[in-house]
Amino acid sequence: MEYSIRKCEVSDLPKLVILCQKHAEYEKADYSPEGKEEGLKKVLFGEHPKLNCFVVATDNDIVGYVSYTFDFSTWSAGDFLYMDCLYLEENARNFGIGEVLINKLKEIAKEKNCVNMQWRTPQFNERAIKFYNRIGAKGKDKICFFLDL
């Protein structure tokens, strides 16, 4: 598969919202696209961006994305890179693209002197868990809580 990885551009936002919806469906989560394009534009391209995002682009489409932020770990007393989302369309899987994206984030985290990278995946996502274990990641069993405001 011919592809490139590049920073997300404003013109990618409509497709990014679609990929977010597909990602949520894959993870059996609720998702409404309403207001997401505007919200993502603000956090990705605003005066003080909070979110970073790369897209996986083919000649005529966006087939995946990875998004991340930086946060601080009290226990480690240092910054870490938090991978918020990693998603590839079904037809873009099994080409090693996920590992390329992870390695790209590892490089960024090292450049920023992060103590580690962190992310979550649902327990039922055995395919992702197998991939993460294969690349050397270690899982920690925790329950993720959400408190709607």
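If we scan region 94-107, do we find a residue that is assigned to a strand (DSSP E or B) and touching a strand residue (DSSP E or B) at 6+ places or on another chain (Cβ under 9 Å)? Let's see the steps before the verdict.
Narrowing region 94-107 to residues assigned to a strand (DSSP E or B): none.
The answer is no; no qualifying residue exists.
Cβ-Cβ distance below 7 Å, separation of 6 or more or different chains: which pairs start in region 100-119 with a residue that is within 18 Å of K138 (Cβ to Cβ) and in contact (Cβ under 8 Å) with a residue 24 or more places away in the chain and end on one that is open to solvent by 80 Å² or more (accessible area, probe 1.4 Å) and part of a helix (DSSP H, G or I)?
M117/K106
If I filter region 96-105 for residues that are open to solvent by less than 100 Å² (accessible area, probe 1.4 Å) and of a type in the set (D, E, K, R), do I get at least one hit?
Step one: filter region 96-105 for residues open to solvent by less than 100 Å² (accessible area, probe 1.4 Å), giving 96-105.
Restricting the remaining residues to those that are of a type in the set (D, E, K, R) gives 99, 104.
For region 96-105, residues open to solvent by less than 100 Å² (accessible area, probe 1.4 Å) and of a type in the set (D, E, K, R): present.
Which condition breaks for K138 when tested against (1) at pLDDT below 95; (2) touching a strand residue (DSSP E or B) at 6+ places or on another chain (Cβ under 9 Å); (3) of a type in the set (D, E, K, R)?
Against the list (1) at pLDDT below 95; (2) touching a strand residue (DSSP E or B) at 6+ places or on another chain (Cβ under 9 Å); (3) of a type in the set (D, E, K, R), K138 comes up short only on (2).
Six or more apart or on different chains, Cβ under 9 Å: which pairs go from a residue in region 40-62 that's without any contact (Cβ under 8 Å) to a residue 24 or more places away in the chain and more than 11 Å from K15 (Cβ to Cβ) to one that's open to solvent by 100 Å² or more (accessible area, probe 1.4 Å) and in a loop (DSSP other than H, G, I, E, B)? Could you list them?
Between residues of region 40-62 that are without any contact (Cβ under 8 Å) to a residue 24 or more places away in the chain and more than 11 Å from K15 (Cβ to Cβ) and residues that are open to solvent by 100 Å² or more (accessible area, probe 1.4 Å) and in a loop (DSSP other than H, G, I, E, B), the close pairs are K42/K50; V43/K50.
Can you work out which of the residues in region 8-54 that are assigned to a loop (DSSP other than H, G, I, E, B) and touching a strand residue (DSSP E or B) at 6+ places or on another chain (Cβ under 7 Å) is least open to solvent (accessible area, probe 1.4 Å)?
We begin by selecting, within region 8-54, every residue assigned to a loop (DSSP other than H, G, I, E, B); these are 8-9, 27-35, 46-51.
With the extra rule that they be touching a strand residue (DSSP E or B) at 6+ places or on another chain (Cβ under 7 Å), the set shrinks to 8, 50-51.
Details: C8: 12, K50: 151, L51: 29 Å².
Residue satisfying both the conditions and the ranking: C8.
Given the criteria of a type in the set (F, W, Y), open to solvent by less than 40 Å² (accessible area, probe 1.4 Å), assigned to a helix (DSSP H, G or I) and at negative phi, does Y132 qualify? Before the answer, list the steps.
On the way: of a type in the set (F, W, Y): yes; open to solvent by less than 40 Å² (accessible area, probe 1.4 Å): yes; assigned to a helix (DSSP H, G or I): yes; at negative phi: yes.
So Y132 passes the test.
Which of the residues belonging to region 55-75 are more than 16 Å from L105 (Cβ to Cβ) and exposed (fewer than 12 other Cβ atoms within 10 Å of the Cβ)?
D59, N60, F72, T74, W75
The values are calculated or read from the model by the stated rules, or taken from the named source; none is laboratory data. It should be emphasised that the depicted structure is a prediction, and the values quoted were computed from it without experimental measurement. Using ideal geometry, Cβ is built from the backbone for each residue, glycine included, and neighbour counts are taken over all protein chains shown. For the accessible areas, the whole protein counts, side chains as well, though only heavy atoms, and no ligand, DNA or RNA atoms are used. Shrake-Rupley method; radii C 1.70, N 1.55, O 1.52, S 1.80 Å.
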